[in-house]
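Okay, so here's the structure we're looking at.
Every read-out reported here was derived from the displayed coordinates using simple, explicitly stated rules and does not represent laboratory data. Note that the coordinates shown come from a computational prediction; the quantities given were computed from them, not determined experimentally. No Cβ is skipped: glycine too gets one built from the backbone with ideal geometry, and neighbour counts run over all protein chains shown.
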Amino acid sequence: MKTFLIRAFATGLLAVGLGGAAQAAVTPDKLDGTKLVSAEQVRDLIGKGVPVVDTRVAAEYAEKTIKGAISVPYKEKSSKDASFDAKLDNFDLGKLPTDKNAPLVLFCNAGECWKSYKAAVVARNAGYKQVYWFRGGMPEWTGKGLPTQ
């Protein structure tokens with residue numbers, strides 16, 4: 001089945017199959033001002049005491065998350081697009097470490113989940129200097145058999 005890409009004003013790029021089902025575009029593969037990290041790098045950062053933030057909804061966090069992660073859900077109403085409008089969303093920066101020079105890892109469900117991407121943009125724009133974006137998120141973490149809670 002062929003897939004066509006269309007430009008939609010409200011939601012950014014959508015992949016639409018012949019059956020008419022729409023899927024949001026995947027997150028970019030890089031984010032300026034942050035460092036993209038792998039599951040192994042996140043594991044090593046956790047070993048150094050770096051906080052890991054699960055930006056998914058509370059129910060997903062409660063079901064399974066990276067061992068030691070804290071829950072700070074990114075509540076999105078903006079488009080799933082790199083040019084999203086953060087003013088439409090809600091992310092409680094007050095739940096992040098107060099030291100903006102300290103490292104911080106953000107993750108969600110990867111692929112079509114934009115929560116950690118958007119949270120990384122918001123944190124970076126709020127002055128956090130060492131933002132690590134774990135783009136692979138829970139699928140990569142669990143796929144490697146790394147510890148969950």
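Values as computed for the structure displayed
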item: Failed condition for VAL121, given (1) in a loop (DSSP other than H, G, I, E, B); (2) closer than 17 Å to ALA25 by Cβ; (3) among the hydrophobic types (A, V, I, L, M, F, W, C); result: (1)
item: The stretch 85-115, subset of a type in the set (Phe, Trp, Tyr) and touching a residue at least 40 places away in the same chain (Cβ under 8 Å), residue farthest from PRO28 (Cα to Cα); result: PHE107
item: Selection from the stretch 124-149 of residues that are assigned to a loop (DSSP other than H, G, I, E, B) and free of Cβ contacts under 8 Å to residues at least 40 places away in the same chain; result: ALA126, GLY127, TYR128, LYS129, GLY145
item: Pair list, Cβ < 6 Å and 6+ apart or interchain, from the stretch 37-61 residues that are in contact (Cβ under 8 Å) with a residue 24 or more places away in the chain to residues that are aromatic (Phe, Trp, Tyr) and not in a helix (DSSP H, G or I); result: VAL37/TYR132; VAL37/PHE134; VAL42/PHE134; THR55/TYR74
item: Hits in the stretch 56-79 - residues which are touching a strand residue (DSSP E or B) at 6+ places or on another chain (Cβ under 6 Å), within 21 Å of ALA126 (Cβ to Cβ) and buried (at least 17 other Cβ atoms within 10 Å of the Cβ); result: ALA69, VAL72, SER79
item: Residue list for the stretch 136-147, filter: out of contact with any strand residue (DSSP E or B) (no Cβ under 6 Å at 6 or more places or on another chain) and of a type outside the set (S, T, N, Q); result: GLY136, MET138, PRO139, GLU140, GLY143, LYS144, GLY145, LEU146, PRO147
item: Hits in the stretch 126-137 - residues which are over 17 Å from LYS48 (Cα atoms) and within 15 Å of the chain's Cα centre (by Cα); result: ARG135, GLY136, GLY137
